[in-house]
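In what follows, a single structure is set out as structure tokens and then discussed.
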Amino acid sequence: MKLNVKKVEQYFITNNIYRPMGDQYNINQAGAVGPNSSANNNVFNQTNYTLPDNTNYELLSSELAKLKQELIGKATLPEHYIAIGEVANAEEATKNKDGNKVVKSLLTAGKWVLDAATNIGTNVVAEIINKQIGG
């Protein structure tokens, strides 16, 4: 005897895209997600970094480009290249005037970038990092 088995899938539509139904999660921050999940005694901290409203993003972008080129010439370790990527992220964020992302990227870039920014005279970048790390 031969059985005919047909797979049945259900879909829902969002933005004219068919998506399979089932467990789907778009989570930013959560203590527990999914069926039968639970969480207790969680504390969530979120940090928003800001730049002053009068920030000159063009000058900042120019300094970041200069800093990035300087760092490329001095990079020797894998973490240096990661830091250069963060400087590039910060530079890109200046195009959208996204101060939060600029600061977050520069903090992630770390002390090597701060030292280089101070040494080559990219004062706006150095000041941003210094203020955020409490220097």
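Where a number appears in this text, it was derived from the coordinates with a stated rule and is not lab data. Everything numeric in this text was worked out from a predicted model, so none of it was measured.
Defining a contact as two alpha carbons under 8 Å apart and six or more residues distant in sequence, what relative contact order in percent does the stretch 57-133 show?
This gives 34 percent for the stretch 57-133.
Can you list the HN-Hα couplings for the stretch 106-120, worked out from phi with the Karplus curve (6.51, -1.76, 1.60; θ = phi - 60°), rounded to whole Hz and with x for Gly and Pro?
Working through the residues one at a time gives 5, 5, 5, 4, x, 5, 4, 5, 4, 4, 5, 4, 5, 5, 9 Hz.
Ratio of the stretch 57-133's C-alpha Rg to 2.2 N^0.38 Å, to two decimals? Kindly include the intermediate steps, with their values, before the conclusion.
Details: Rg = 10.8 Å, N = 77, 2.2 N^0.38 = 11.5 Å.
Rg over 2.2 N^0.38 Å, computed on Cα atoms: 0.94.
Hey, what do the phi angles of the stretch 84-94 turn into as Karplus ³J(HN,Hα) couplings, whole Hz, using 6.51/-1.76/1.60 and θ = phi - 60°, x for Gly and Pro?
Values per residue, Gly and Pro as x: 4, x, 5, 5, 4, 4, 5, 4, 5, 5, 5 Hz.
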